[in-house]
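A.B. asks: Dropping the structure in here first, questions after.
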Amino acid sequence: MIEDAVQILKDKIAKANLWESVLEFKRDVFIKEAGTVDTNLYFLEEGSARVYFTEDGKEHIVYFGYTHSLLSAIDSFLTDTSSILCIKTIKKTKVRVISKKQFLQFIEKEKETLALWQQVLSQLLLMQIDREKNLLLDSPKARYLQVLEGHPKLFQEIPHRYIASYLRMTPETLSRIQKP
């Protein structure tokens, strides 16, 4: 499970004393804005954030970060280029930060740590492919049930209007689906 791999990775970074900073953000504040380069990895200590892009004034949520999860503009992290992705807090959020340079030096020292990072990336990719399939093929109710089953914590941490956007439905449709 990705949460376990992320926690192990976080613990290894802490043990090696490699955190470069701890940042705190108020609610509804950008950690990263569209059109910028951000090659940091963020590990959420508390709070929540959304990673999204906008098109024609509409927000399209790619994924959420919440307590004990990994957060980044992964395209910018991997390519060292600007990204259309924004990272914005949903509530007061505290993150630990490690730069790409420091992180790569760290994971390249041990095969085990590099394998752990590869596991995290593989799981992220598989989750993204699964989500894409669900958005293309499944009904709104099926999308809701899959997220509820796979990520119940999401419904405790994230306001429903953002979950509705993530599921590509209106908040009203999500509310109707949730009723027994």
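A.B. asks: Taking the Cα centroid of the stretch 13-48 and of the stretch 124-180, what is the distance between the two, rounded to the nearest whole Å?
C.D. replies: Using only Cα atoms to place each centre, the spacing works out to 25 Å.
A.B. asks: Next question. With +1 on the Cβ of every Lys and Arg and -1 on the Cβ of every Asp and Glu, and nothing else charged, how large is the dipole of the chain about its Cα centre, in debye rounded to the nearest 20?
C.D. replies: 440 debye
A.B. asks: All other residues with a Cβ under 13 Å from the Cβ of LYS100 taken together, and with Lys, Arg as +1 and Asp, Glu as -1, what is their net charge?
C.D. replies: Surrounding charge for LYS100 is -4.
A.B. asks: Here's another thing I want to ask about it. Convert each backbone phi in the stretch 50-65 into a coupling constant with the Karplus relation 6.51 cos²θ - 1.76 cosθ + 1.60 (shift: θ = phi - 60°), then list the ³J(HN,Hα) values in order as whole Hz, x for Gly and Pro.
C.D. replies: 10, 10, 8, 9, 10, 9, 6, x, 9, 7, 10, 7, 8, 6, 10, x
A.B. asks: To continue, here is another question. Treat the count of other C-beta atoms within 10 Å as a stand-in for reagent exposure and order ILE129, ILE2, ILE31 from fewest to most.
C.D. replies: In increasing order of surrounding Cβ atoms, one gets ILE129, ILE2, ILE31.
A.B. asks: In square nanometres and to one decimal, what's the mean projected area of the convex hull around the Cα atoms of the stretch 1-130?
C.D. replies: That works out to 7.8 nm².
A.B. asks: To continue, here is another question. Please return the longest range in the chain lying between exposed loop sites, taking trypsin sites (Lys or Arg not before Pro), DSSP loop only, at most 15 other beta-carbon atoms within 10 Å, and leaving the sites out. Could you put the intermediate results ahead of the total?
C.D. replies: Working: sites that count: LYS26, ARG27, LYS92, LYS109, LYS153, ARG168.
So the longest stretch without any such site is 28-91.
A.B. asks: So which of LYS12/LYS153; LYS133/LYS153; LYS15/LYS111; LYS32/LYS109; LYS32/LYS94 end up more than 19 Å apart by C-alpha?
C.D. replies: Numbers: LYS12/LYS153 24 Å; LYS133/LYS153 22 Å; LYS15/LYS111 17 Å; LYS32/LYS109 29 Å; LYS32/LYS94 14 Å.
Flagged as over cut-off: LYS12/LYS153; LYS133/LYS153; LYS32/LYS109.
A.B. asks: What nm distance separates the two modelled labels at ILE2 and LEU135, each placed 7 Å from Cα along Cα→Cβ?
C.D. replies: 1.3 nm
A.B. asks: Also, quick follow-up: Under 5 Å between amide H atoms, partner at least 5 residues away or on a different chain: which partners does LEU85 have, H built in plane at 1.01 Å?
C.D. replies: Hits under the 5 Å cutoff: GLY35.
A.B. asks: Right, here's the next one. Out of residues 5 or more away from TYR63 or on other chains, whose amide H comes under 5 Å of its own, with H placed 1.01 Å from N in the peptide plane?
C.D. replies: Amide H to amide H, under 5 Å and 5 or more residues apart or across chains, TYR63 pairs with VAL51.
A.B. asks: Measuring from label point to label point, each 7 Å out along Cα→Cβ, what is the SER175 to VAL22 span in nm?
C.D. replies: Spacing of the two 7 Å Cα→Cβ label points: 3.9 nm.
A.B. asks: If you plug each phi of the stretch 156-172 into the Karplus form 6.51 cos²θ - 1.76 cosθ + 1.60 with θ = phi - 60°, what whole-Hz ³J(HN,Hα) values come out, in order, with x for Gly and Pro?
C.D. replies: 8, 9, 10, x, 4, 5, 6, 4, 4, 4, 4, 7, 6, 8, 7, x, 5
A.B. asks: While we're here: Subtracting the Cα-Cα distance from 0.36 nm times the residue separation, let me have the gained length for THR54 to LYS101 in nm, one decimal.
C.D. replies: Net length gain for the segment: 14.0 nm.
A.B. asks: Output wanted: per-residue J couplings in Hz (rounded whole) for the stretch 18-27, from phi through Karplus 6.51 cos²θ - 1.76 cosθ + 1.60, θ = phi - 60°, x for Gly and Pro.
C.D. replies: Result, ordered by residue: 9, 4, 8, 6, 10, 10, 10, 10, 6, 5 Hz.
A.B. asks: Let me ask something additional. Tell me whether the stretch 122-175 comes out rounded, prolate or oblate; compute the Cα gyration tensor, take square roots of the eigenvalues as a ≥ b ≥ c, and use a/c under 1.5 as the rounded threshold.
C.D. replies: Verdict is oblate for the stretch 122-175.
A.B. asks: Another question about this same structure. Taking square-rooted eigenvalues a ≥ b ≥ c of the alpha carbon gyration tensor, is the stretch 89-180 rounded, prolate or oblate, where a/c under 1.5 means rounded and, failing that, a/b exceeding b/c means prolate?
C.D. replies: Because a/c hits 1.5 or more and a/b exceeds b/c, the stretch 89-180 counts as prolate.
Where a number appears in this text, it was derived from the coordinates with a stated rule and is not lab data. Remember, it's a predicted structure, so these values are computed and weren't measured experimentally. Heads up, the Cβs are rebuilt from the backbone with ideal geometry, glycines too, and the neighbour counts pull from every protein chain shown.
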